[in-house]
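The values are calculated or read from the model by the stated rules, or taken from the named source; none is laboratory data. Fair warning: this is a prediction, and the values are worked out from it, not measured in the lab. No Cβ is skipped: glycine too gets one built from the backbone with ideal geometry, and neighbour counts run over all protein chains shown. Just the protein is used for accessible areas: all its heavy atoms, side chains included, with ligands, DNA and RNA removed. Shrake-Rupley method; radii C 1.70, N 1.55, O 1.52, S 1.80 Å.
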Amino acid sequence: MLLPGLRQERAASIARALREAGHRGARVAEEQVLGGRFLAEAEGWMVGTAYAAADADPHTRAFAAAHRERHGRSPAPWAAEAYGTARFAVHGLAAAGDDGPSALRSELLRRPRQGITRRFSYDPGGQFFDAAEDGGAFLHRISGGAARFVARADDIGRRT
């Protein structure tokens with residue numbers, strides 16, 4: 001397994017060197033390297049991300065289509081997650097009304113909320129979102145100069 005660092009320039013250089021050397025083994029990177037230079041050099045690489053691509057499933061495709069219709073362009077990579085998180089917070093604020101922060105916390109603890117790409121819940125032991133039931137990691141393959149969705153990390157190895 002190869003993790004080429006955090007900069008797309010360095011990752012692109014490594015991808016090019018491996019390709020020129022004829023390397024056919026594992027080629028893996030994290031999302032920080034995604035960018036034009038890396039995508040141009042990294043055909044066949046696998047990349048783990050904390051966001052789902054617009055083509056990941058019917059939910060993300062519908063979100064992307066609605067975003068393009070409303071804004072005239074494709075959504076940013078994190079848009080679906082940001083939208084889901086904002087809706088979770090807005091739900092809590094609306095349910096808490098004028099009762100203040102303690103009511104907001106109680107409402108967010110009450111039940112998880114399904115976003116576009118994952119379930120959101122509030123960790124009762126701290127002050128953070130909890131993703132215990134949904135790790136929110138996604139696997140993409142570089143193909144044709146773009147990151148193409150392969151699977152949710154939680155689904156890899158599961159039998160259907």
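Among the residues of the stretch 34-64, those identified as closer than 19 Å to Arg7 by Cβ, at pLDDT 90 or above and of a type in the set (A, V, I, L, M, F, W, C) are Phe38, Leu39, Ala40, Ala42, Trp45, Met46, Val47. Scanning the stretch 136-158 for residues that are surrounded by fewer than 15 Cβ atoms within 10 Å (Cβ to Cβ) and β-branched (Val, Ile, Thr) yields one hit, Ile156. Scanning the stretch 4-23 for residues that are in contact with a helix residue (DSSP H, G or I) (Cβ under 9 Å, 6 or more places away or on another chain), in a loop (DSSP other than H, G, I, E, B) and open to solvent by 50 Å² or more (accessible area, probe 1.4 Å) gives Leu6, Arg7, His23. Only one of Arg141, Arg119 is modelled with pLDDT under 85 and either closer than 26 Å to Gln32 by Cβ or not hydroxyl-bearing (Ser, Thr, Tyr) (or both); which? Matching residue, one of Arg141, Arg119: Arg119. For the stretch 56-73, indicate whether the set of residues that are within 12 Å of Ala147 (Cβ to Cβ) and of a type in the set (A, V, I, L, M) is non-empty. Yes, the conditions are met somewhere in the stretch 56-73.
Ala40 meets the conditions (1) on the phi > 0 side of the Ramachandran plot; (2) open to solvent by 30 Å² or more (accessible area, probe 1.4 Å) in every case but one. The failed one is (1). Out of the stretch 24-34, which residues are surrounded by 14 or more Cβ atoms within 10 Å (Cβ to Cβ) and assigned to a loop (DSSP other than H, G, I, E, B)? Within the stretch 24-34, Arg27, Leu34 meet the criteria. Among the residues of the stretch 107-115, is any surrounded by 16 or more Cβ atoms within 10 Å (Cβ to Cβ) and in contact (Cβ under 8 Å) with a residue 24 or more places away in the chain? Looking through the stretch 107-115, at least one residue is surrounded by 16 or more Cβ atoms within 10 Å (Cβ to Cβ) and in contact (Cβ under 8 Å) with a residue 24 or more places away in the chain. Pairs please, first residue from the stretch 140-153 and without any contact (Cβ under 8 Å) to a residue 40 or more places away in the chain, second anywhere and part of a strand (DSSP E or B), Cβ atoms under 8 Å, 6+ apart in sequence or on different chains. What qualifies is Ala151/Phe138; Ala151/Leu139.
Please count how many residues of the stretch 49-70 are touching a Pro at 6+ places or on another chain (Cβ under 8 Å) and in a helix (DSSP H, G or I). Result for the stretch 49-70: 4. Residues of the stretch 65-88 that are modelled with pLDDT of 85 or more, within 14 Å of Gly115 (Cα to Cα), out of contact with any strand residue (DSSP E or B) (no Cβ under 9 Å at 6 or more places or on another chain) and surrounded by 13 or more Cβ atoms within 10 Å (Cβ to Cβ): Ala79, Ala80, Ala82, Tyr83.
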